[in-house]
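What follows is a short report on a single structure.
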Amino acid sequence: MKVGLFIPCYVDQFYPKVGIATLQLLEKFGCQVSYPSKQTCCGQPMANSGYEHLTHDCNRLFINNFAEYDYIVSPSGSCVLHIKEHLHAPESETQNEGKATHIRKRIYELTEFLTDILKVENLEARFPFRVGLHQSCHGQRGLHLSQMSELVATPFSKPEQLLNMVKDVELVKLSRKDECCGFGGTFCVAEEAVSSRMGIDRIDDHVKNGTQVLTGGDMSCLMHLEGVIRRRKLPIKVMHIAEILTATE
Amino acid sequence: MTINHATAAEKFNKDFDRTTWHDETLWWVRQKRDRAAFSIPEWEKLRDTASQIKHNVLSNLDTYLVEFEKNAQKNGITVHWAADAHEHNEIILSILKKQGVTQIVKSKSMLTEECHLNPYLAENGVEVVDTDLGERIVQLADEPPSHIVLPCIHWKKEEIGVLFHKHLGTPEGCADPTLLTHAARENLREKFLTRRVAITGVNFAVAETGEFVVCTNEGNADMGAHLADVHIACMGIEKIIPQRVHLGVFLRLLARSATGQPITTYSSHFAKPRAGQEMHIVLVDNGRTTQLGREEFRNSLKCIRCGACMNTCPVYRRSGGHSYHNAVAGPIGSILAPNLDMTKNADLPFASTLCGSCSNVCPVKINIHEQLYEWRQVLTKSGHSPTAKTLGMKAMAAVLSNPSVYRLSGKMGRLALANVPFVVNNSLNPWYKQREMPEPPKESFGEWYKKNRG
Ligand code: SF4
């Protein structure tokens, strides 16, 4: 199957190793993966700030880059959710709406692609650490990668299911298992005080419960949390879930 | 001038320990709600049903209101219609004038907060005593409520002790909740016995029967209404439900969502005035029909004011109700307020991370976080966004729309860190106040891919 790899702009620029781990994972399970070199961003930073009307060019670019693939996979729940909910052909190019629909239906966040499409059951990875999972809101409440604590419904978690396949991982139990980290796109600077405080509280929960490595499916949340960790000089390492799923320590 | 949410929130966060306390107090309420909800296996079905009933109400609001009016009148209730807050206040004042009354008691009405009734009546020489304990506390402190269900949740009991010592003469240093409540009760008793007019809010008004239901825990609304010669109930027009049986859905949801109780201590049905009593009901629009006409925001009118979205909101818990500068705070306040005044409330839809927790605790399933997103679009398009932000966003869109410009600015940006989309247009980058930025790698993923797989 032909998979188009979508690496969000900030991952491309700041966390190339996350892109590499994602690529390796997909290849390991037999996907024929390409990375369209002309990709930039899903448009979410503008849209969530109230400027969805400025995202037409990003949308056009996205459609051109990814329409030909069977699946589009990305190591970011937030960007995937944005595409799923908001990708449309620009008004003057309605002939491309079919392509946009194809992309909206065929775009997957990495962990759900592994569990639901590739039906991965064995990872042959090893990571002997206490791992704290941050459930990013867009992945969890938006894409339903895990059951949220608000709903009276059966619990499940796709990222945890995968982490449990990694040998010697010990998953940390948190006091608040799915509270938002406070990143929130431009919120992180527009509402700096609350955003930072939310980040501090999340990290506190991990410190109290003995997390050695903090992981998650969204590098944006992790970038914010890592910022707090490093400022406070705490002994917690931050890694994207793709890096743990490919670890052989 | 109103202080915007971010500024007020920054001030709130200056006191780190108090913020912790506020967050934990409300989180405790959220956990109580969880326990109550999880004790009911059909909880999600109940939410669905409630949402559907409200859907029907909003689609047929005109007929239900007229039906309610007719039945209420049949029961001997006088029905008034108020187009806006000002009309509402005038109607109340005219009833008081007719009675020759200058002192009244009031309980449990966020609508009168929305309409700023207290200051209006004060200007017109009427003294209002709020009898709900929490409302009484904020009234003595000369503050608006900070929460629609827990009006003084931002007050610690020691502080209430000081307040009561000053106003009610409780012993200095007394912070015992039982003693303080007792003091408030004694002080209020005299008011209940002497005030001839009582105002209450309305939780549900039943079209089929013309009755209305007031849900409280303290019974002060009942005390006021039963002792007074005149009972005035004020309600937003969206409070209508079609039939009595529907209460079976809403009463199960309301208290569980609000405080985690199975039901409020009192769910009082007021159907008709007792002999010799006058009963009035004021039906208030105040922007509700405008909101009804805004399709993407219509569902916000389903709200039953349980406060669950506030208790779960990580931003509300860490910024306090007053930072929302609106009678209704929190997530629901942020989608209701711009309807009333876009200029004044343009900041509120941005006071959220769009985490979506609110929409999923909401007992009537309002898509709150999606409406926050939609309000952002509406506010921006209608020119309620700062020029600097617009310029920054345009610049960002230009970079992200052009792959080669993006690659180039990425190269420079990784060093300068100026082009991270999230920190665009902030010359004094607030990110650094309490966080580090990631260390820039030597090559981007795109560059690595070209070398290794290209
Ligand atoms: S929006 Fe929903 S959760 Fe919030 S107060 Fe209204 S009914 Fe309750």
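The values are calculated or read from the model by the stated rules, or taken from the named source; none is laboratory data. Bear in mind the structure is a predicted one, so any value in this text is a computation, not a measurement. Note that we place each Cβ from the backbone using ideal geometry, even for glycine, and neighbour counts take in every protein chain shown. When the accessible area is computed, the model is the full protein with side chains, heavy atoms only, and any ligands, DNA or RNA have been set aside. Shrake-Rupley method; radii C 1.70, N 1.55, O 1.52, S 1.80 Å.
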For chain A, the dipole about the Cα centre with charges only on Cβ (Lys and Arg +1, Asp and Glu -1), to the nearest 20 debye, works out at 540 debye
By how many degrees, between 0 and 90 and to the nearest 10, does the Cα long axis of helix A:77-86 differ from the longest principal axis of chain A? 30 degrees
Which Cys residues of chain B have no other Cys Cβ less than 4.7 Å away and so no disulfide-compatible partner by this rule? B:Cys115, B:Cys152, B:Cys174, B:Cys215, B:Cys234, B:Cys303, B:Cys306, B:Cys313, B:Cys362
Which value, in debye to the nearest 20, gives the size of the charge dipole of the protein assembly as shown about its Cα centre, when Lys and Arg are +1 and Asp and Glu are -1 at the Cβ? 1100 debye
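Taking all protein chains together and a probe of 1.4 Å, list A:His88, A:His240, B:His226 from the most accessible to the least accessible.
Per-residue accessible area, sorted high to low, gives B:His226, A:His88, A:His240.
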Over the alpha-carbon set of the stretch A:130-245, divide Rg by the Kirkwood Rh and report the Rg/Rh ratio to two decimals. 0.94
Could you work out how far the C-alpha centroid of the stretch B:134-207 sits from that of the stretch B:328-405, in angstrom? 35 Å
For helix A:219-231, what angle does its Cα long axis make with the longest principal axis of chain A, in degrees from 0 to 90 and rounded to 10? 40 degrees
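List the GluC sites (Glu not before Pro) within the stretch A:67-97 that DSSP assigns to loop and that have no more than 16 neighbouring Cβ atoms inside 10 Å. If you can, show how the numbers build up before the last one.
Values: sites: A:Glu68, A:Glu85, A:Glu91, A:Glu93, A:Glu97; in loops: A:Glu68.
Here the sparse-neighbourhood loop sites are A:Glu68.
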Which listed residue (B:Thr102, B:Gly330, B:Ala198) has the Cα farthest towards the positive end of the charge dipole for the protein assembly as shown, taking +1 on Lys and Arg C-beta and -1 on Asp and Glu C-beta about the Cα centre? B:Gly330
If B:Lys70, A:Lys2 are ordered by their accessible area, calculated over protein heavy atoms with a 1.4 Å probe, which sequence runs from highest to lowest? B:Lys70, A:Lys2
Mean-square fluctuation maximum in Gaussian network of chain A, Cα pairs under 10 Å, restricted to A:Glu160, A:Glu226, A:Glu121, hits A:Glu121
Quick one: helix A:16-28 against the long Cα principal axis of chain A, what's the angle to the nearest 10°, folded into 0 to 90? 80 degrees
Using the Kirkwood radius over Cα pairs, work out the Stokes-Einstein diffusion coefficient for chain B at 25 °C and 0.890 mPa s, in µm²/s as a whole number. 102 µm²/s
Solvent-accessible area per residue for the stretch B:162-255 at a 1.4 Å probe radius, Å²? 39 Å²
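Based on the alpha-carbon gyration tensor of the stretch B:208-318 and its eigenvalue square roots a ≥ b ≥ c, which shape applies: rounded if a/c is under 1.5, prolate if not and a/b is larger than b/c, or oblate?
Verdict is oblate for the stretch B:208-318.
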Estimated dipole of the stretch B:42-286 in Debye, rounded to 20 [Cβ of Lys and Arg +1, of Asp and Glu -1, Cα centre]: 700 debye
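Kindly provide the helix-only [θ] at 222 nm of the protein assembly as shown, computed as the sum of -39,500 (n - 2.57) over DSSP H runs of four or more divided by all residues, to the nearest 500 deg cm²/dmol?
-14000 deg cm²/dmol
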Among B:Thr2, A:Met1, B:Leu283 the positive-end extreme of the charge dipole of the protein assembly as shown (Cβ point charges): A:Met1
Residue-span extension gain [B:Asn124 to B:Gln243] - 0.36 nm each, minus C-alpha spacing: 39.0 nm
Net charge near B:Lys191: determine it from the other residues with C-beta under 15 Å of the C-beta of B:Lys191, scoring Lys and Arg +1 and Asp and Glu -1. -3
Once the principal axes of the Cα atoms of the stretch A:2-117 are found, what is the range along each, listed largest first in whole angstroms? 40, 29, 24
Karplus (6.51, -1.76, 1.60) ³J(HN,Hα), θ = phi - 60°, over the stretch A:171-187, in Hz, Gly and Pro reported as x: 7, 7, 9, 9, 6, 10, 6, 9, 7, 4, 7, x, 5, x, x, 5, 3
Isotropic mean projected area of the C-alpha convex hull, the stretch B:1-83 (nm²): 10.8 nm²
Under-5 Å amide H pairs with A:Val33, H placed in peptide plane, nonlocal only: A:Val3
Could you give me the percent of Cα pairs per 10 Å distance bin for the stretch B:137-210, shortest bin first, beginning at zero and ending with the bin that holds the maximum distance? 16, 39, 30, 11, 4, 0
Among A:Cys137, B:Cys355, A:Ile229, the residue whose Cα sits farthest towards the positive end of the charge dipole of the protein assembly as shown (+1 at Cβ of Lys and Arg, -1 at Cβ of Asp and Glu, taken about the Cα centre) is A:Ile229
In Å and whole numbers, how far do the C-alpha atoms of the protein assembly as shown stretch along each principal axis, longest first? 90, 60, 48
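On the protein heavy atoms, probe 1.4 angstrom, tell me the percent of accessible surface of the protein assembly as shown carried by carbon and sulfur.
The C+S portion of the solvent-accessible surface of the protein assembly as shown is 53 percent.
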